[in-house]
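Below: one structure, written as structure tokens.
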Amino acid sequence: MLFKDSAIVPSQGSIDRRTYPLAVVYGVRESKLSWKAVLLELKQRGLTTAPKLAIGDEAIGFWSALREVFPETRTQRCTVHKTANVLNQLPKKVQPQAKGMLHEIWNSPTKADAEKAFDLFVKSYQPKYYKATD
């Protein structure tokens, strides 16, 4: 999901790695009511099958509305936003290495590899920078 000022712009990623907007609606981006209106409009316009996966930032309103309108849709936190939030908890001098470690987690070929990379990240940063691993 992309947010532009007060416009809510849900988008769909594609196999060619492009993002295509599905709607442009003016509303409050963190508002459950605004997001519910967007999702219901998409449903009304033909989105009859629930999306298999929704990826977004920490917009609380979006997740609440999604659970109401498409309860069967699985959710995933956007790795770009998650990376930025984690790096904000670290001093600038360790951010490049931490960013590389986070990318190893996100890009791991298997769940086991991701868990191993995650454990290494936590072991490396939790003692000194707890908030980055919380």
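Considering the range 76-121, the residues that are surrounded by fewer than 13 Cβ atoms within 10 Å (Cβ to Cβ) and of a type in the set (V, I, T) include one that is nearest to D57 (Cα to Cα), namely V80. Within the range 58-69, the set of residues being outside any helix (DSSP H, G or I) and buried (at least 17 other Cβ atoms within 10 Å of the Cβ) comprises just one member, A59. Is it the case that V122 is without any contact (Cβ under 8 Å) to a residue 40 or more places away in the chain and within 16 Å of S11 (Cα to Cα)? For V122, the condition - without any contact (Cβ under 8 Å) to a residue 40 or more places away in the chain and within 16 Å of S11 (Cα to Cα) - is not met. Pairing residues of the range 81-106 that are among the small types (G, A, S) with residues that are outside any helix (DSSP H, G or I), at Cβ distances under 6 Å and at least 6 apart in sequence or on separate chains, gives A98/L90. Summed over the range 26-46, residues that are hydrophobic (A, V, I, L, M, F, W, C) and under 17 Å from D57 (Cβ atoms) total 4. Take the residues of the range 22-36 that are over 18 Å from the mean Cα position of the chain (by Cα) and under 15 Å from S11 (Cα atoms): which is surrounded by the fewest Cβ atoms within 10 Å (Cβ to Cβ)? Once the filter is applied, the top-ranked residue is Y26.
Values in this text are rule-based calculations from the coordinates and carry no lab data. Because the structure is predicted, anything quoted here is derived from the model rather than measured. Note that each Cβ is placed from the backbone with ideal geometry, even for glycine, and that neighbours are counted across all protein chains shown.
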